[in-house]
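Below is one structure, written out as structure tokens; the observations come after it.
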Amino acid sequence: MAPEIKYTKLFINNEWVDAKSGKTFETYTPHDGSTIAKVAEGDKADIDLAVAAAKAAFARNSEWRLMDASQRGRILTKFADLVSRDRAYLSQLETYNNGLVAGFSTMLMDMAISNIRYLASLADKIQGDTIPTDGDSFTYTLKQPVGVCGLILPWNGPIAIFVNKVCTALAAGCTAVVKPAEQTPLTALALAALLAEAGVPKGVVNVVNGYGETAGAALTHHPDVAKISFTGSVEVGKLIQQAAGANNLKRVTLELGGKSPLIIMDDADLNLAVPYAANSVFCHQGQVCVAASRLFVQAGIYDKFVEAAAKYAQGIKIGNPADPTTQHGPQVDDVMFKKVLAYIEKGKQEGAVLKAGGKRVGNSGYYIEPTVFANVKDDMTIAKEEIFGPVQSIFKFDTLEEAIERANNTSYGLAAGIFTSNLNNALQFSKHVEAGIIWVNTYLAMGPHAPFGGFKDSGLGRENGMKSIDAYLEVKTVTISLPKKF
Ligand code: NAI
Ligand code: MG
């Protein structure tokens, strides 16, 4: 049964409002492409209202600015309790609008709840330093919220990424305008309602749905926005960095794409490596920024591995994402569906050997079989571009030195992994590979506690971990005259 759609308007100043233009856009379920709801379509005029609300909420003596940091933490904890209360509903709504399979969706809900609790706990632990400056003075630092934050979300993890960006901003004492992805506008609205129920004062968090080129661009150009945090494509990440310097100087955090390498050494435990390699790229139909889309397998086990990988992919259960036993659901929309199928065609044309999948499933919705290509060469299109779909490309290599060299031969640098039973291999790889997140004998292991972000074109700054909050703070240095001799 389809989950109830409770909210479709814009959320500004803790009120539900229509777009100024009166426009709406349709949102779909990727299971069969049918319309779920019409959602208010915000543009520059609505962004202006939302930013004004967030600016007023951030004014010097506002309720939010005067609130004890511990109280901000308690509000976030209450928010975690409410998300927990509505866990089943939110998870179903995410599955319905996004195609995230139910089993994974509930797991991500639990991760989101832990993330909120972790960030809630940081709210009253923002501390400066006392510094023994030279001469007759004494210095301390204050860490203060940067101001109004524009938080631009992608469609691949709408709840997880909303929670992460919004709660980091709130723990820091900032206010926010959220622009969800146009493909998945619904769960952000449901979460906004829970923030208000938890006691977040009006104007502190506003949600404006709409398109990237209109609403998103207006947010990134707005002179009253102090910071942008964005997750999405490299292409738009670069536009955002330009926009951020166009009038005022916005702080920017970018979490972008990847073409992450996973190395399987001859000495790896194949009972572990085969399923991990598959899950690393097929998880959420390949729509994961850290997807292991370049799988390098050492020559000694290559043929055996390819056969096992093909067999594994063929055994993955495809179906309606709402069915809790489904392992593989649809791509998010028609655009991504066509884009992924075009990459598969390109792979075949350029000479990669198709070992599994490669076709659409059924004739409604956006389902694509888990696909395995062997004999992939580094200069093929599928070896270079982020596919963001269920396509495993397997490369052959001889030495670890060669694998590191080839792994680094990309403008991306998000994640990387290695399966090996040799400690030296693991440590040398971890040291020399150019990526922000390295996994050894595991993959996709993540949580709120450890930094997450990319080298090179995969991003700017880090999210998660205690220091993630620094990206939402300014450091103020205060020096006071204090004679040494008393
Ligand atoms: P996108 O980067 O265009 O969209 C992400 C967000 O940015 C959406 O909210 C969108 O409305 C907004 N946006 C788009 N243009 C904007 C602009 N000019 N100014 C401000 N905001 C703007 O990503 P899209 O088109 O959905 O996917 C394209 C490719 O990006 C995918 O095939 C995939 O390779 C990659 N991608 C990576 C993600 C990640 O997790 N790192 C998430 C989503 C997509
Ligand atoms: Mg785009």
Could you grab me the full set of residues in the range 197-215 that are within 16 Å of Leu82 (Cβ to Cβ), buried (at least 17 other Cβ atoms within 10 Å of the Cβ) and among the small types (Gly, Ala, Ser)? Ala198
Taking only the range 216-228 into account, find how many residues are open to solvent by 30 Å² or more (accessible area, probe 1.4 Å) and in contact with a strand residue (DSSP E or B) (Cβ under 8 Å, 6 or more places away or on another chain). 1
Looking at (1) crowded, with 23+ Cβ neighbours inside 10 Å; (2) in contact with a Pro (Cβ under 7 Å, 6 or more places away or on another chain); (3) more than 18 Å from Leu189 (Cβ to Cβ), find the lone condition where Ala102 falls short. (1)
Of everything in the range 221-235, what is more than 8 Å from ligand 1 (Cβ to nearest atom) and either in contact (Cβ under 8 Å) with a residue 40 or more places away in the chain or under 22 Å from Ala172 (Cβ atoms) (or both)? Give them in sequence order. His222, Pro223, Asp224, Val225, Ala226, Lys227, Ile228, Ser229
Residues of the range 454-486 satisfying the condition of being at positive phi and in a loop (DSSP other than H, G, I, E, B): Gly461, Asn464, Gly465
Could you check the range 333-344 and list, in sequence order, the residues that are within 23 Å of the chain's Cα centre (by Cα) and open to solvent by less than 10 Å² (accessible area, probe 1.4 Å)? Val340
When every residue in the range 404-419 that is β-branched (Val, Ile, Thr) and open to solvent by 10 Å² or more (accessible area, probe 1.4 Å) is compared, the one nearest to Asn271 (Cα to Cα) is Ile404
Selection status of Gly42, crowded, with 17+ Cβ neighbours inside 10 Å and out of contact with any His (no Cβ under 7 Å at 6 or more places or on another chain): yes
For the range 237-245, state whether one or more residues are touching a strand residue (DSSP E or B) at 6+ places or on another chain (Cβ under 6 Å) and within 8 Å of ligand 1 (Cβ to nearest atom). yes
Members of the range 200-217 found to be within 16 Å of ligand 1 (Cβ to nearest atom) and on the phi < 0 side of the Ramachandran plot, listed by number: Asn206, Val207, Val208, Asn209, Tyr211, Gly212, Glu213, Thr214, Ala215, Gly216, Ala217
Please work out if Thr231 is of a type in the set (S, T, N, Q), closer than 18 Å to Phe455 by Cβ and either in contact with a strand residue (DSSP E or B) (Cβ under 7 Å, 6 or more places away or on another chain) or away from ligand 2 (no atom under 16 Å from the Cβ) (or both). yes
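Let's see how each residue does on (1) farther than 30 Å from Gly389 by Cβ; (2) open to solvent by 10 Å² or more (accessible area, probe 1.4 Å); (3) out of contact with any Pro (no Cβ under 9 Å at 6 or more places or on another chain); (4) aliphatic (A, V, I, L, M):
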residue: Ala50; (1), (2), (3), (4): yes, no, yes, yes
residue: Lys55; (1), (2), (3), (4): yes, yes, yes, no
residue: Leu66; (1), (2), (3), (4): yes, yes, yes, yes
residue: Gln71; (1), (2), (3), (4): yes, yes, yes, no
residue: Leu108; (1), (2), (3), (4): no, yes, yes, yes
residue: Ala112; (1), (2), (3), (4): no, no, yes, yes
Which residues, taken from the range 294-329, are among the hydrophobic types (A, V, I, L, M, F, W, C) and in contact (Cβ under 8 Å) with a residue 60 or more places away in the chain? Leu295, Phe296, Val297, Ala299, Phe305, Val306, Ala309, Ala310, Ala313, Ala322
Look through Leu256, Leu295 and report the one residue that is within 16 Å of ligand 2 (Cβ to nearest atom), closer than 20 Å to Val391 by Cα and either crowded, with 21+ Cβ neighbours inside 10 Å or of a type in the set (Asp, Glu) (or both). Leu256
When you scan the range 312-320, do you find a residue that is open to solvent by 20 Å² or more (accessible area, probe 1.4 Å) and in contact with a Pro (Cβ under 6 Å, 6 or more places away or on another chain), even just one? yes
Quickly run through the range 160-182 and pick out the residues that are more than 19 Å from Asp333 (Cα to Cα), touching a Phe, Trp or Tyr at 6+ places or on another chain (Cβ under 7 Å) and either of a type in the set (Gly, Ala, Ser) or part of a helix (DSSP H, G or I) (or both). Thr168, Ala169, Ala172
Can you tell me how many residues within the range 121-159 are away from ligand 1 (no atom under 16 Å from the Cβ) and assigned to a loop (DSSP other than H, G, I, E, B)? 14
All conditions in (1) under 21 Å from Ala120 (Cβ atoms); (2) within 14 Å of ligand 1 (Cβ to nearest atom); (3) touching an Asp or Glu at 6+ places or on another chain (Cβ under 6 Å) are true of Val178 except (3)
So, first residue of a type outside the set (A, V, I, L, M, F, W, C) in the range 246-273, second residue buried (at least 24 other Cβ atoms within 10 Å of the Cβ) and part of a helix (DSSP H, G or I), Cβ within less than 6 Å, six or more apart or across chains; the pairs are Gly258/Ser458; Pro261/Ala407
All-but-one check, Val297 against (1) assigned to a loop (DSSP other than H, G, I, E, B); (2) more than 24 Å from the chain's Cα centre (by Cα), failing number (1)
Which ones in the range 227-286 are within 17 Å of the chain's Cα centre (by Cα), among the aromatic types (Phe, Trp, Tyr) and in the same structural domain as Phe373 (by TED's automatic domain parsing)? Phe282
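The values are calculated or read from the model by the stated rules, or taken from the named source; none is laboratory data. None of these values were measured; they are calculated from a predicted model. Cβ atoms come from the backbone with ideal geometry, glycine included; neighbour counts cover every protein chain shown. Only protein heavy atoms, including side chains, enter the accessible area calculation; ligands, DNA and RNA are left aside. Shrake-Rupley method; radii C 1.70, N 1.55, O 1.52, S 1.80 Å.
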